[in-house]
Amino acid sequence: MNYGDDELEIPTDIFKDRDLSVLEILVEFLKDEQNMTFAQIAKILNRDDRTIWTCYTRSKKKRGGKP
């Protein structure tokens with residue numbers, strides 16, 4: 001996955017968690033592990049930043065934590 005001039009590597013083992021959707025897992029990884037903003041994530045995934053925020057918040061609630 002390209003991010004600007006850099007190449008983003010997404011480990012496939014993050015998708016083993018079946019409690020979350022693929023988008024929720026991906027957003028959570030990019031936000032928490034890659035320290036990206038919601039706007040940056042929305043741009044590379046071609047989504048609205050409100051959708052990204054919603055997915056991130058939902059993933060944290062499903063895990064029992066606060067975003």
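Counted residue by residue at 0.36 nm each, then reduced by the alpha carbon distance between them, the extension gain from residue 15 to residue 62 reaches 15.4 nm.
For the chain, the longest principal axis of the Cα atoms and the long axis of helix 49-63 meet at an angle of about 40 degrees.
Couplings 3J(HN,Hα) for segment 33-42, derived from phi with the Karplus relation 6.51 cos²θ - 1.76 cosθ + 1.60 (θ = phi - 60°), are 8, 9, 6, 8, 7, 4, 5, 5, 5, 4 Hz, where x marks Gly and Pro.
Within 10 Å, at most 11 other Cβ atoms, and a DSSP state outside H, G, I, E, B define an exposed site. Report the longest part of the chain free of exposed GluC sites (Glu not before Pro). It would help to have the intermediate numbers written out before the result.
On the way: sites that count: 9, 33.
The answer is 34-67.
Kirkwood Rh over alpha-carbon pairs of the chain, then Stokes-Einstein at 25 °C and 0.890 mPa s: what D in µm² s⁻¹, rounded to an integer? Translational diffusion coefficient: 203 µm²/s.
Read-outs: derived from the displayed coordinates by stated rules, not from any lab. Keep in mind it's a predicted model, so treat the numbers as computed, not measured. All Cβ positions, even for glycine, are placed from backbone atoms using ideal geometry, and neighbour counts span all protein chains on display.
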